[in-house]
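The values are calculated or read from the model by the stated rules, or taken from the named source; none is laboratory data. All of these numbers come straight from a predicted model, not from anything done at the bench. All Cβ positions, glycine included, derive from the backbone under ideal geometry; neighbour counts span all protein chains shown.
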Amino acid sequence: MAGQDELVKIVGKNSVLDSPDILEEYSRDLSFVPRVRPRCVVKPGNAGEVQEIVKWANRTLTSLVPVSSGPPHFRGDTIPGMGGTVIVDLSRMKKIIRIDPKNRVAMVEPGVTFAELQPELEKAGLSAYMPLCPRSSKSVIGSMLERDPITMPSHHWDCIDPLLCGEIIFGTGDKLRSGEAAGPDTIEEQWKIGKAQMTPFGLGQFDESRLVSGAQGTIGIITWATLKCRSSSKLNRTFFIPSETIEPLIDLSYQLIRIRLGDYCFIVNDLNLASLFAQNPEEIKTLRDALPRWILVVSFEGYGELPEEKVLYQEADFRDMIVRTGQLKPMDMVSGVTAEDVSVLLSRPSDEPYWKLRYKGGCHDTFFLTTLDKTPGFIEVMSTLSRSCKYPSEDIGVYIQPVVQGTSCHCEFDVYYDPANPTEGDRTRRLVTEGGEELAKMGGFFSRPYGQWAKIAYSRATETTIVQRKMKRIFDPNNILNPGKLCF
């Protein structure tokens with residue numbers, strides 16, 4: 001095609017792909033979003049090529065879907081919303097541009113995964129803030145833009161953390177550096193005078209990072225970003241706090257986060273902890289049956305000048321706090337799984353197969369924001385709905401992650417199913433569809449509205465819809481970037 005000839009001129013023949021097998025791969029994922037086959041896949045190698053692709057799309061009125069993570073995909077946001085779409089696969093852009101140990105900042109391109117970044121950060125005495133065991137193919141920038149929750153709520157100060165600054169190619173084809181990176185001077189000149197592209201706010205009252213955060217590629221394409229990192233732990237103490245009911249663990253979580261005691265802090269049920277450690281369905285079932293129903297994971301990380309002293313005083317305060325509960329007990333091991341194993345697990349991406357695919361081969365996440373105290377009600381409703389949908393409630397994983405200093409939490413239900421079993425797939429689809437509606441009625445806030453959640457979220461936010469559509473007309477007037485997603 002003539003249009004593809006122009007793309008070949010921009011990125012080279014080997015970076016424009018249109019074989020049926022490749023197009024089929026990009027037409028679907030593990031969500032229930034309908035398949036749509038793209039026109040072709042283009043793989044730019046630098047920001048200049050991305051900008052030229054966006055300009056070409058405006059001239060030809062061709063829709064683009066930016067993708068940075070490798071498969072498998074889960075949420076339908078990378079499936080084209082219409083035929084004739086070109087996938088902009090950013091996985092070739094793999095430069096770790098800069099690691100700044102002094103300011104604890106890294107600058108990366110969108111194709112860099114956690115599996116690639118973590119070893120390089122470790123050489124500099126740093127570690128990335130990661131979501132819970134991301135898949136090995138997960139893009140660092142993709143995770144930040146999707147606002148995947150990090151597992152250290154006391155380090156989480158803003159909803160877009162750890163994203164800092166970035167270079168954005170808007171739907172108009174214009175390029176803008178956000179926050180402190182905007183200038184003056186080039187990035188290299190800023191480095192010379194000690195700047196590290198740390199401050200994400202600005203220009204002026206304009207906060208570009210929030211435009212692209214959670215936007216599913218509908219506003220702009222980020223070609224590099226800086227991210228906040230942390231010092232690597234020199235030692236740590238990790239504990240399990242088991243309980244057959246979740247309420248005591250919620251109360252303890254509130255106490256810990258209120259005084260910012262500890263580092264890792266989250267709650268999982270027996271199935272999710274088993275899936276994190278076991279490698280196949282039979283092992284998962286055996287381990288799940290041996291585990292307590294709920295487990296709070298807490299760690300105390302030692303770094304800085306006096307790492308041992310830091311861990312010792314925090315652990316002592318924690319044990320005093322536990323004693324006052326009168327019913328909970330910190331443990332180093334539960335059912336053969338050691339807390340030391342968890343510490344290693346949390347410092348790296350998931351081993352293969354990805355932990356959410358080990359139990360049944362498929363997983364549909366239902367997640368939203370709420371407050372910790374409301375999570376038992378959501379759990380009860382999801383269990384009731386599963387019975388009405390003839391889905392076994394024991395096959396639902398639960399993950400509760402406090403965010404932004406514990407002011408709210410990410411509540412996630414992982415509905416495991418066998419993609420090769422149509423009956424099981426239909427029951428799962430019904431559960432997540434009805435579940436989304438019911439959870440939203442109860443006050444669950446779908447701040448990242450993928451797929452069918454978009455209608456649920458935007459039907460309750462008329463003013464937000466109006467404003468977002470106005471912003472879309474400014475930054476992507478020809479509606480070329482991922483049309484059909486969100487409220488566009």
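Listing for the model above:
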read-out: Checklist (1) within 19 Å of the chain's Cα centre (by Cα); (2) part of a helix (DSSP H, G or I) applied to Arg387, failing item; value: (1)
read-out: Residue match in the range 341-356 (condition: in contact with a strand residue (DSSP E or B) (Cβ under 8 Å, 6 or more places away or on another chain), farther than 20 Å from Pro149 by Cα and in contact (Cβ under 8 Å) with a residue 24 or more places away in the chain); value: no
read-out: Test for Met82: is it in the same structural domain as Leu227 (by TED's automatic domain parsing) and either part of a loop (DSSP other than H, G, I, E, B) or in contact with a Leu (Cβ under 9 Å, 6 or more places away or on another chain) (or both); value: no
read-out: Unique residue being of a type in the set (D, E, K, R) and crowded, with 21+ Cβ neighbours inside 10 Å when the list is Asp77, Asp29; value: Asp77
read-out: The range 246-293 - residue that is part of a loop (DSSP other than H, G, I, E, B) and crowded, with 16+ Cβ neighbours inside 10 Å and, of those, nearest to the chain's Cα centre (by Cα); value: Tyr264
read-out: Pair list, Cβ under 6 Å, 6 or more apart: the range 372-383 residue farther than 14 Å from Glu412 by Cβ, other residue among the small types (Gly, Ala, Ser) and surrounded by fewer than 19 Cβ atoms within 10 Å (Cβ to Cβ); value: Ser383/Ser393
read-out: Criterion (buried (at least 19 other Cβ atoms within 10 Å of the Cβ) and over 24 Å from Ile257 (Cα atoms)) met by exactly one of Met107, Met130, Met144; value: Met107
read-out: Filter result for the condition that a residue is aliphatic (A, V, I, L, M), at pLDDT 95 or above and outside the structural domain of Leu357 (by TED's automatic domain parsing), over Val33, Val16; value: Val16
read-out: Whichever residue in the range 193-212 is in contact (Cβ under 8 Å) with a residue 60 or more places away in the chain and surrounded by fewer than 23 Cβ atoms within 10 Å (Cβ to Cβ) and, among such residues, is farthest from Ser178 (Cα to Cα); value: Ala196
read-out: Given (1) outside any helix (DSSP H, G or I); (2) touching a strand residue (DSSP E or B) at 6+ places or on another chain (Cβ under 7 Å); (3) touching a residue at least 60 places away in the same chain (Cβ under 8 Å), number of the condition Pro134 does not satisfy; value: (2)
read-out: Condition met for Ala215 (within 25 Å of Thr370 (Cβ to Cβ), in a loop (DSSP other than H, G, I, E, B) and in contact (Cβ under 8 Å) with a residue 60 or more places away in the chain); value: yes
read-out: Criterion violated by Ile466 - all others in (1) in contact (Cβ under 8 Å) with a residue 12 or more places away in the chain; (2) surrounded by fewer than 18 Cβ atoms within 10 Å (Cβ to Cβ) satisfied; value: (1)
